[in-house]
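Taking it in order: structure first as structure tokens, then the write-up.
Throughout, read-outs are computed from the coordinates displayed, never taken from laboratory work. Since this is a predicted model, take the numbers as computed values, not measurements. Cβ coordinates were reconstructed from backbone atoms using ideal geometry, including for glycine residues, and neighbour counts include every protein chain displayed.
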Amino acid sequence: MKVFGFAGFSGSGKTTLIERLIPLLVAEDLRISLIKHTHHSFDLDQSGKDSYRLRSAGAKEVFLVSSQRWVLMHELRGDSEPTLEEQLTHMSPCDLVLVEGFKYTPIPKIEIHRTANNKPLIYPEHPNVVALASDVSIESGLPWFHLDDIQAIAAFIIHHQELK
């Protein structure tokens, strides 16, 4: 599986860009999966539901299955957060895994930058940034894309990852 990331500070537009990008990549007959990293606590389960009750009782994993989807919830229960490499071992085969977050993990990535955030670039300190996407032109020596130029960003990723 090929892996390609999107990094940037919160509020830069990573999720919005990826949401717009996925349909273009799927239209190219690519099987796309995604890993999203968050620094916040989250829970997909609902209090009072059987799965929530069983997980709260101490189950390390709960696997929910229906005719539309399945999800595996895994409680770390004090274990370390898994690395990106460990997470990839749980993914089903696909053409491309998009990764949101993992700013400093050594995978090729586009840095998403929005001037209104008033945050510094992570490039050039992080050599795995292979392109920049922002709301204003940035001179860096790397390919630059406007945040709204989704077609060009999709073409860049397909070419960079040698998917076509």
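In this label model, Thr89 and Leu34 are separated by 2.6 nm, measuring between points 7 Å along each Cα→Cβ vector. Between Leu76 and Thr15, the FRET efficiency from the beta-carbon distance, with R0 = 30 Å, is close to 0.80. Maximal additional length on extending the Val26-Thr115 stretch stands at 29.1 nm, based on 0.36 nm per residue less the C-alpha distance. Of all stretches in the chain that contain no GluC sites (Glu not before Pro) in a DSSP loop with at most 11 other Cβ atoms within 10 Å, the longest one is 1-124.
Using just its DSSP H runs of length 4 or more, each adding -39500 (n - 2.57), the chain gives a mean residue ellipticity at 222 nm of -6500 deg cm²/dmol after division by all residues. Cross-link partners among lysines for Lys164, C-alpha distance below 26 Å, same-chain residues fewer than 8 apart left out? Cα-Cα hits under 26 Å: Lys2, Lys14, Lys36, Lys109.
With a simple spin-label model that places each label point 7 Å from the Cα along the Cα-to-Cβ direction, the separation between Ser140 and Tyr52 comes to 4.1 nm.
Other residues with beta-carbon under 12 Å from the beta-carbon of Pro127 carry, at +1 per Lys or Arg and -1 per Asp or Glu, a net charge of -1.
Rg over Rh for segment 85-164 works out to 0.98, both radii taken from alpha-carbon positions and Rh defined as the Kirkwood radius. For Lys103, the aspartates and glutamates whose Cα falls under 17 Å of its own Cα, not counting residues fewer than eight places away in the same chain, are Glu81, Glu85, Glu86, Glu111, Glu125.
Taking the DSSP bridge list for the chain and keeping only pairs wholly inside it, about 20 percent are antiparallel. Taking only the alpha carbons of segment 43-93, we obtain Rg and Dmax values of 12.4, 34 Å in that order.
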